[in-house]
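Please read the structure below before turning to the comments.
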Amino acid sequence: MVKKALNPLKIDFKKCIVEDCLLQIRNEKNLEEPELINVWTIQINAKDSKLLIDFIRSKILDEDGIFLNHIKRIRKVEGPKKMLEVVLCSTEFAQDEAACMSLLTNCGFNYQNLSCENLIPKQGAPTKELAIEWSELYWPLNWCGNPNDQILNEYTFDIDFIREKLAQITSISQEEAKKGNKVPVVTAFVNPCDAEHPIVSTDQRSEVNDLVLDHSIMIGIRKVAEDTKLKESQLTDSTIGTDSTYLCLNFDVYTTHEPCSMCSMALIHSRVKRCIFIRPMSKTGTLRADSGDGYCMHCNNSLNSKFEVFQWIGNDFAPIEIESNLCA
Amino acid sequence: MVGHCDWMGLAVRLARYALDQGETPVACVFVYEPMGEVIAYGTNDTNGSLTGIAHAEFMAINHLQSAVGTGAEMLRLARSITVYVTVEPCIMCASALRQLGIGKVVFGCANERFGGNGTVLHCNKDASAGLNGTYRSVPGIMRREAIMLLRYFYVRSNERSPKPRNKSERHLDKTSFPLLNWGRYLEESEFVEEFGEEQTNHYANHTDVAEKINWSLVDEGCDDIINELERRCSRFVEHRNKRVKQ
Ligand SMILES: [Zn+2]
Ligand SMILES: [Zn+2]
């Protein structure tokens with residue numbers, strides 16, 4: 001983990017802008033409201049707290065996929081006896097009471113009131129004031145800075161490569177428009193294992209025989225699949241592709257226009273890692289909080305899947321504008 | 001009169017067929033209302049296509065496109081098509097059906113993770129999914145049959161998985177079903193239009209209009225379903241060719 005001050009990239013953590021040109025797209029509307037999750041809690045005697053901490057360290061911390069570093073594990077229970085209430089683990093890690101009990105066999109201390117009723121914020125609060133507020137409302141939280149600063153700090157960017165891809169799709173968009181394509185939307189799919197050979201696709205819907213649904217992202221996903229099938233057929237042993245149900249796993253996607261709901265969901269189904277777009281679509285876009293119906297498809301709490309989204313806000317690329325009612 | 005359940009029955013049998021082929025048991029049929037006949041069908045093909053986007057609805061759209069030829073002709077027909085699909089369309093498919101201008105969707109059970117007709121988002125009604133009008137989406141037709149097929153699938157894949165997750169996923173539940181919150185999908189007036197005044201207690205109580213499960217649809221293998229659907233679809237092609245000649 002790089003310290004914020006040592007990151008070679010210029011990051012404006014307040015405005016969420018990297019190198020003055022990549023704006024991190026988030027759902028500003030749901031930042032003030034925490035996403036809540038249930039956790040398993042137990043109550044123990046205060047004198048057993050050392051045993052408990054050792055137990056959590058050895059049996060839970062490395063195993064539980066839901067990170068709970070932003071909460072205080074232990075809180076006091078009101079009452080005459082010195083009792084503590086403890087967050088044991090997530091309900092994802094232990095799915096039912098039986099799983100909890102078997103986790104706790106031979107734990108070496110007594111416990112009571114095993115429950116999954118307690119709700120805690122899934123992530124730390126963005127400001128200190130909210131951290132205090134949420135601590136009172138839900139469960140005591142640690143304040144260790146805005147969690148998004150850490151997220152931004154840990155992203156990796158090859159700005160020169162990004163520029164090159166965006167320049168490529170922009171120039172193809174301009175060529176397409178010259179050729180008479182009324183919807184010159186262009187997308188490049190970059191495989192993390194083969195970044196030198198991106199798969200580029202263009203919107204096909206203005207071709208007479210093609211369908212209104214032939215958006216560049218849908219065409220691109222199918223092209224990636226065809227490309228992989230072809231490569232597999234050329235190999236004598238089928239070592240790759242044995243687990244290739246999600247063929248765009250961890251791909252970076254560069255696209256000229258903010259995608260529509262169909263295409264954003266297709267990116268989620270394809271498990272891409274990142275999408276960078278240039279032109280926002282104020283009516284039909286589904287990533288920016290102020291686009292369309294404000295879906296924020298990549299960070300919508302009710303859709304469990306997440307991918308990173310950035311908008312290029314430098315003014316070096318100008319893909320052809322399309323009519324605002326059209327879905328990109 | 002042919003009703004919602006007859007068309008959905010075909011989709012359920014097709015989903016059962018998909019299950020027997022090792023695919024997720026989700027299937028749909030497209031019904032062309034002026035003819036009262038199936039004109040396209042589809043099942044999930046995410047394994048075969050190597051993409052995560054080959055959902056039943058897209059397979060049916062591809063099928064129809066190869067039958068009618070052009071995208072423009074598809075757009076012309078779309079308003080008169082009702083889509084019967086065993087599981088609520090995901091956001092991608094819901095948006096696609098909207099952009100295509102489909103007239104109506106009827107589905108079995110909700111898609112809790114990705115549903116785009118009301119469970120997670122309302123792509124059939126919201127403004128952002130484009131120019132081609134909205135569509136009504138009616139839930140709850142043969143819902144229990146659709147749920148049972150998904151349960152069969154999960155129990156099977158869990159049996160095959162090297163590390164079964166927990167007991168409840170190994171046990172096949174044939175008797176309890178979650179409530180159906182009709183209000184997520186339909187206004188009460190729309191519900192009455194679809195099901196009649198006498199059923200409104202179900203709307204308020206979140207209960208199924210039909211509680212009895214047609215087990216033969218769920219349990220019997222149906223190798224003949226593809227032939228039957230092909231026969232039905234070919235009637236549409238013949239009908240169209242005749243009309244073009246006249
Ligand atoms: Zn699109
Ligand atoms: Zn779908």
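Of the residues in the range A:151-163, at least one is surrounded by 17 or more Cβ atoms within 10 Å (Cβ to Cβ) and more than 30 Å from A:N69 (Cβ to Cβ). Note on the range A:245-267: residues that are in contact with a strand residue (DSSP E or B) (Cβ under 9 Å, 6 or more places away or on another chain) and within 14 Å of ligand 1 (Cβ to nearest atom) amount to 10. Taking the range A:64-163 as the region of interest, the helices (runs of 4 or more DSSP H) fully inside it that hold 3 or more residues being within 30 Å of A:G314 (Cα to Cα) are A:147-154.
Candidates A:E92, A:E78: the one that is of a type in the set (D, E), at negative phi and in contact (Cβ under 8 Å) with a residue 24 or more places away in the chain is A:E92.
Restricting the range B:64-75 to residues that are at the interface with another protein chain (Cβ under 7 Å from one of its Cβ atoms) and open to solvent by less than 10 Å² (accessible area, probe 1.4 Å) leaves a set whose member that is farthest from ligand 1 (Cβ to nearest atom) is B:M74. Is there a residue being over 25 Å from B:Y32 (Cβ atoms) and within 13 Å of ligand 2 (Cβ to nearest atom) anywhere in the range B:126-146? No, the range B:126-146 contains no residue that is over 25 Å from B:Y32 (Cβ atoms) and within 13 Å of ligand 2 (Cβ to nearest atom). Can we say B:G116 is buried (at least 24 other Cβ atoms within 10 Å of the Cβ), within 16 Å of ligand 1 (Cβ to nearest atom) and without any contact (Cβ under 8 Å) to a residue 60 or more places away in the chain? Spelling it out, B:G116 is indeed buried (at least 24 other Cβ atoms within 10 Å of the Cβ), within 16 Å of ligand 1 (Cβ to nearest atom) and without any contact (Cβ under 8 Å) to a residue 60 or more places away in the chain. Condition first: assigned to a strand (DSSP E or B), more than 11 Å from chain A (Cβ to nearest Cβ) and touching a Gly at 6+ places or on another chain (Cβ under 8 Å). Can you find one or more residues in the range B:86-95 that meet it? Among the residues of the range B:86-95, at least one is assigned to a strand (DSSP E or B), more than 11 Å from chain A (Cβ to nearest Cβ) and touching a Gly at 6+ places or on another chain (Cβ under 8 Å), which makes the answer yes. Residue count for the range A:307-324 under the criterion of being without any contact (Cβ under 8 Å) to a residue 40 or more places away in the chain and surrounded by 13 or more Cβ atoms within 10 Å (Cβ to Cβ): the result is 0.
This table checks each residue for (1) in contact with a Gly (Cβ under 6 Å, 6 or more places away or on another chain); (2) more than 10 Å from chain B (Cβ to nearest Cβ); (3) of a type in the set (S, T, Y); (4) in a loop (DSSP other than H, G, I, E, B).
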position: A:T256; (1), (2), (3), (4): no, yes, yes, no
position: A:R271; (1), (2), (3), (4): no, no, no, yes
position: A:T284; (1), (2), (3), (4): yes, no, yes, yes
position: A:D290; (1), (2), (3), (4): no, yes, no, yes
position: A:G294; (1), (2), (3), (4): no, no, no, yes
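Residues that are surrounded by 13 or more Cβ atoms within 10 Å (Cβ to Cβ) and not aliphatic (A, V, I, L, M): list the helices (runs of 4 or more DSSP H) wholly contained in the range B:139-242 that include at least 3 such residues.
Because the criterion is at least 3 residues that are surrounded by 13 or more Cβ atoms within 10 Å (Cβ to Cβ) and not aliphatic (A, V, I, L, M), the helices (runs of 4 or more DSSP H) in the range B:139-242 that meet it are B:143-160, B:188-195, B:200-205.
Only a single criterion out of (1) away from ligand 1 (no atom under 16 Å from the Cβ); (2) away from every other protein chain (no Cβ under 14 Å) is not satisfied by A:A225, namely (2). Evaluation of A:S244 against the conditions (1) modelled with pLDDT of 90 or more; (2) more than 16 Å from ligand 2 (Cβ to nearest atom); (3) open to solvent by less than 30 Å² (accessible area, probe 1.4 Å) shows that the sole unmet condition is (1).
Among residues of the range B:24-63 being within 16 Å of ligand 1 (Cβ to nearest atom) and not in a helix (DSSP H, G or I), the one that is farthest from the other protein chains (Cβ to nearest Cβ) is B:H55.
The values are calculated or read from the model by the stated rules, or taken from the named source; none is laboratory data. The shown structure was predicted, so the numbers you read here are calculated from the model rather than taken from an experiment. Cβ coordinates were reconstructed from backbone atoms using ideal geometry, including for glycine residues, and neighbour counts include every protein chain displayed. Surface accessibility is based on the protein's heavy atoms, side chains included, excluding ligands, DNA and RNA. Shrake-Rupley method; radii C 1.70, N 1.55, O 1.52, S 1.80 Å.
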